[in-house]
Each structure stands twice: as structure tokens, then as C-alpha cells.
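A quick write-up on the structure given underneath.
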Amino acid sequence: QVQMEESGGGWVQEGESLSLTCTATGSKYRINDMGWYRQAPGKQRELVASITIGGRIEYGEAVKGRFTITRDHYGHTVYLQMNSLKSEDTAVYYCGGWGKGEDYWGQGTQVTVSS
């Protein structure tokens, strides 16, 4: 089994920064790609950022230019640096890990941006 362990999140004001960390534990060799999705109340879950085992990165349109995703050397921890936060970034952020036909999710961490 694979566990996705998230940390970070919290409450900030608009314009401030926050960072999230996610580490895959357990049978982490199953994980190739990792990333973050978010879900705001009443909205569908949407892509924030993802990074493949080869380093290819994709960002959601809403966060391009403000958020940065990176991955550690061993490939089992991803970091999400969130700058210039807006109230519309308020959501539960979920870390995901994807392998061959498998996907794993963290429990989610709340990010609240106050205007």
C-alpha cells in the first residue's frame, strides 16, 4: 500500500505565500507521477500542479505564474510553493500519486486565503 502524507496549509491573507509538502510512504516504488488537486466548496476537484517521474510539469490555468511544484531527488516528496495567494485559492488541497493503473490520495489539507 501507498500512503500520501501531506503537511502545510493553513490560513493566510491575500498576497501572502504558503507551502505544502507531500511524501509518499509505504510501497512508494509504485508511484511515478505526483501532484496536487484542490476542491473548493460547491466546485469540482481541479488540477493545481503535477510532475512526472521524468520532471515534466503541468499547472492548472488558475495558478500558472504563482505556484511552483518541485520534487526531491528520490522522487517521493513533492513541494508546492504558493505565492500571491488569492481568496479564490481557498480550498482543500489533495496530494495525489499515480502509478500503473493505480492512484493514491492524501486526506487533504485546508488552505484558507482571507481577503
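Here are the numbers:
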quantity: For the chain, share of DSSP beta bridges that run antiparallel, in % to the nearest 5; calculated: 90 percent
quantity: Relative pair counts by distance (%), Cα atoms of the chain, 5 Å bins; calculated: 2, 13, 25, 26, 19, 10, 5, 1, 0
quantity: Rounded accessible area of Met82 (nearest 10 Å², 1.4 Å probe); calculated: 0 Å²
quantity: Cross-link pairs Lys28/Lys86; Lys43/Lys64; Lys43/Lys100 - those with Cα-Cα distance over 23 Å; calculated: Lys28/Lys86; Lys43/Lys100
quantity: Candidate residues Leu80, Leu47: accessible-area rank, largest first, probe 1.4 Å; calculated: Leu47, Leu80
quantity: Region 1-75 and region 86-111: distance between their alpha carbon centers, rounded to Å; calculated: 6 Å
quantity: Candidates Gly99, Gly35, Gly54, ranked by Gaussian network fluctuation over the chain, Cα under 10 Å, top entry; calculated: Gly54
quantity: Solvent-accessible surface ranking, highest first, for Trp36, Trp98, Trp105, Trp11 at 1.4 angstrom; calculated: Trp11, Trp105, Trp98, Trp36
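The values are calculated or read from the model by the stated rules, or taken from the named source; none is laboratory data. Being a predicted model, the structure only gives us computed values, none of them experimental. Just so you know, the surface numbers come from the protein's heavy atoms only, side chains and all, with ligands and any DNA or RNA stripped out. Shrake-Rupley method; radii C 1.70, N 1.55, O 1.52, S 1.80 Å.
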